[in-house]
């Protein structure tokens, strides 16, 4: 297994553990559902799929990954976006519920959400280019 795939898959397992812990905490008290769902869906599921795609697509297309560097950039942006989003959103909700100004927290949510989206588009571009432009067979 290549290094990039291993990095995504091992990180996905860390997010699975965090999601499981937060899932238990949901039963104890409110406030963890956003973090739980994001660590489970983006962290565990998406990171696992990213890792598997970075391993499987090059094998099945018999082509090298378009850019390992883009894959590493995507990895770090995805982590920064996920963690930032998962931490800033609860603050935004908390301030809003208390009737306080939450504009700074909203700005953070928007920035980290944008970082997460950019990481997804980097993945799409990298995999698309890795698949090449071979003609399709009919």
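What single numbered condition from (1) over 17 Å from residue 6 (Cβ atoms); (2) surrounded by fewer than 15 Cβ atoms within 10 Å (Cβ to Cβ); (3) at pLDDT 95 or above fails to hold for residue 77?
Tallying (1) over 17 Å from residue 6 (Cβ atoms); (2) surrounded by fewer than 15 Cβ atoms within 10 Å (Cβ to Cβ); (3) at pLDDT 95 or above, residue 77 fails exactly one: (2).
Going by what's in this entry, would residue 124 be described as part of a helix (DSSP H, G or I), modelled with pLDDT of 95 or more and crowded, with 16+ Cβ neighbours inside 10 Å?
No, not satisfied.
Would you list the helices (runs of 4 or more DSSP H) that sit entirely within region 1-93 and hold 2 or more residues that are farther than 21 Å from residue 105 by Cβ and in contact with a helix residue (DSSP H, G or I) (Cβ under 9 Å, 6 or more places away or on another chain)?
Per the criteria, 3-28, 47-61.
The values are calculated or read from the model by the stated rules, or taken from the named source; none is laboratory data. Please read all numbers here as calculations on a predicted model, not as lab measurements. No Cβ is skipped: glycine too gets one built from the backbone with ideal geometry, and neighbour counts run over all protein chains shown.
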